[in-house]
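For reference, the structure discussed in these notes is given below.
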Ligand code: BES
Ligand code: ZN
Ligand code: ZN
């Protein structure tokens, strides 16, 4: 989809009037561009059928063709969250009505609680338009009338941002990378194995000029990555470890390392998953897709930051060669994992990823992203990813950015009291908790064992609180994206992957 700047309503594009309940049509910036008969027609139309929030109409104007009227809530109730949905609704409605070209006014989407700049709003708009214009069509014959996508959007603004064209281009790039992450996640497990995932990563690196290395089994054996190798044992497809490096910052700056869970299919292993939900487990590499495409977006935008994406990629299958419940896996960190349940595999492969991050880079920050637990969904529903960190400032930053770009995160506790849950009997760390409760926290606390360095002294870490309360070696954030893995009704997004965490990471790293 082309997204460009327009100074006024473009003749061949259908204008979209976002109209607030109980507000004057005449105040809309597009109104003055209409001919007198069109104005009268619209005024009469609105009088007859006043627009409510969520109402949408396609109207035929007497002199200039079609217009789209989208109702939104009155000014004081119109929040930025609603604005994000309105952006998607504009595209969703246009697609339904087979409209190919649209004119939008950026000012329509400025809600009272939006704290960003006009340029930031333009970026967000372009991203949301791209997200709403996406469909996973690769495996379907096109309908006789062809796929319905919007081809061109013209954006005008009364209060024109300084760099409108640039901001729209940036937002579009981010939207495209989110969509590519969605495509990758939507690709069925029959067609996406650790090797093809790795090839995708290499192609991406080649396309946008960042280095991608892939380690195979032999190399991982040398490094002692018993976690990834253990999880991958049951599969006919060799596990891989993908390393994507983007050095856009100063040579002396240590990188931010992103670690993404790359389970191309999670059958549960010998603790085979029940029927419900297993069909979606080809998306269990969504974290890997997110970190990879976040780095791709940073490279495309030439952001001045050093960022590395690490993706342990494995398929978790039951077979004669599977790892077993009860197995004790020696990880790259030297710690052993007591496998109590082969279905809690994500944390096992991430353990090696987190160790690799600390051994081979001196990371400024480590962020892992994973479809880690169903328990995070039980806790939060499907509207926010769970975020865990000991650093209050990072937590707040990520929450604020998530809110602004619609990639919502919500914190859960990371307390030492929970560590008892993952103490092993025969191994150092057990991969499931002792009780059935707080599963998302257990997952996070497990991962924590692989980023903390018990031999270090206490040091100031929780900047916002100014307390010395942590022994962590490296600032670390864990994001459990299981809740937002797939889109839900009311998202105005295509079914399947929602592409969580890409927007969050990209916007965060542009500022960090
Ligand atoms: N990949 C799943 C978690 C998941 C569930 C992601 C639903 C997205 C949607 C993960 O590997 C898993 O199976 N977790 C188990 C952990 C349990 C065995 C401790 C879970 O959540 O049930
Ligand atoms: Zn699992
Ligand atoms: Zn999993």
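Quick note: the coordinates plus some simple rules give every number you see, no bench work behind them. Quick caveat: nothing in here was measured; it's all calculated off a predicted structure. Note that each Cβ is placed from the backbone with ideal geometry, even for glycine, and that neighbours are counted across all protein chains shown.
Sorting 147, 448 from the fewest to the most surrounding beta carbons within 10 angstrom yields 147, 448.
Three principal axis extents describe the C-alpha atoms of region 390-432; from largest down they are 46, 17, 11 Å. Need the C-alpha centroid separation for region 275-351 versus region 78-115, integer Å. Answer, in whole Å: 36. Computed on the chain, with alpha-carbon pairs under 8 angstrom and 6+ residues apart, the relative contact order is 14 percent. Label-to-label distance for residue 81 and residue 247 is 4.4 nm, based on points extended 7 Å past Cα in the beta-carbon direction.
Under the criterion of Cα pairs below 8 Å and six or more residues apart, the relative contact order for region 311-393 equals 21 percent. Three principal axis extents of region 134-237 based on alpha-carbon atoms, in descending order, are 60, 41, 21 Å.
Dividing the helix sum by the residues of the chain, where each DSSP H run of 4 or more adds -39500 (n - 2.57), gives a mean residue ellipticity at 222 nm of -10500 deg cm²/dmol. If one puts a single equal scatterer on every Cα of region 1-128 and applies the Debye formula without solvent, what log₁₀ I(q)/I(0) results at q = 0.11, 0.15 Å⁻¹? Per q value, in the given order, log10 I(q)/I(0) is -0.35, -0.67. Here the ratio of the Cα radius of gyration of region 178-223 to 2.2 N^0.38 Å is 1.31. The Kirkwood hydrodynamic radius of region 291-377, based on inverse pair distances between different Cα atoms, is 15.1 Å. Dividing the alpha-carbon radius of gyration of region 73-167 by the rule-of-thumb value 2.2 N^0.38 Å gives 1.18.
Our Cα-only numbers for the chain put the radius of gyration and Dmax at 24.3, 82 Å.
Remark: the residue 400-residue 58 segment gains 119.6 nm on full extension, using 0.36 nm per residue and subtracting the alpha carbon distance.
Would you mind ranking 445, 291 so that the residue whose beta carbon has the fewest other beta carbons within 10 Å leads the list?
Taking fewest neighbouring Cβ atoms as first place, the list is 445, 291.
Debye calculation, C-alpha points only, no solvent: report log10 I(q)/I(0) for region 36-83 at q = 0.14, 0.20, 0.25 Å⁻¹, in the same order as the q values. Once normalised to I(0) and log-transformed, intensities are -0.41, -0.71, -0.92. Take 359-367, 249-257 and order them by the average number of nearby Cβ atoms within 10 Å per residue, most first; the result is 359-367, 249-257. Taking every alpha-carbon pair in region 359-433 and binning the separations at 5 Å intervals from zero gives 3, 12, 18, 21, 21, 15, 8, 2, 1, 0 percent. Per residue, the convex hull spanned by the Cα atoms of region 208-334 amounts to 118 cubic angstrom.
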